[in-house]
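Everything on this sheet refers to the single structure shown next.
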Amino acid sequence: MLVLAQYALLLNSVTLAAFGWDKASARLGYMRLREIHLLSLGLFGGWPGLKLGQVLFNHKKAPHPFNKKLNRAIWVNFCGLLLAALLSQITLWLPALLTIIYGPPNS
């Protein structure tokens, strides 16, 4: 569990930094990060960093296709987490259910 928390903290820190970099690049007229890269970070769990970046940097908040894509990435992330949670529970009770249905394995 600690590893997942460290992963989430690291990914969200990197995502927030990337969002800040994109905002600074936009302000200074430099080459910006592609939206697909920001959205990919969000899809892999960095969406809280993106949402926080929108508030902190006042960036990409206007009605924009990025917001719709980010919200879809959040939903995909939640559905993936839900699926992983369901599958982890199935692996816990499935052997017991099979034993009840088919009896204990023959030795």
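Stokes-Einstein diffusion of the chain at 37 °C, 0.692 mPa s viscosity, Kirkwood radius from Cα pairs, rounded to a whole number: 203 µm²/s. The listed peptides 51-62, 15-26, 77-88, ordered by packing as a protection proxy, come out as 15-26, 51-62, 77-88 (highest mean of other Cβ atoms within 10 Å first).
The label-point distance for Leu81 and Val3, in a model that sets each label 7 Å from Cα toward Cβ, rounds to 1.9 nm. Placing unit charges on the Cβ atoms of the charged side chains and taking the dipole of the range 8-107 about its Cα centre, the candidate lying farthest along the positive direction among Leu94, Asn77, Thr15 is Thr15. Summing Cβ point charges (Lys, Arg +1; Asp, Glu -1) relative to the Cα centre of the chain gives a dipole of roughly 580 debye.
Every number in this text was worked out from the coordinates using simple rules, so none of it is lab data. Here the structure is a predicted model, which means the values were calculated and not measured. Cβ coordinates were reconstructed from backbone atoms using ideal geometry, including for glycine residues, and neighbour counts include every protein chain displayed.
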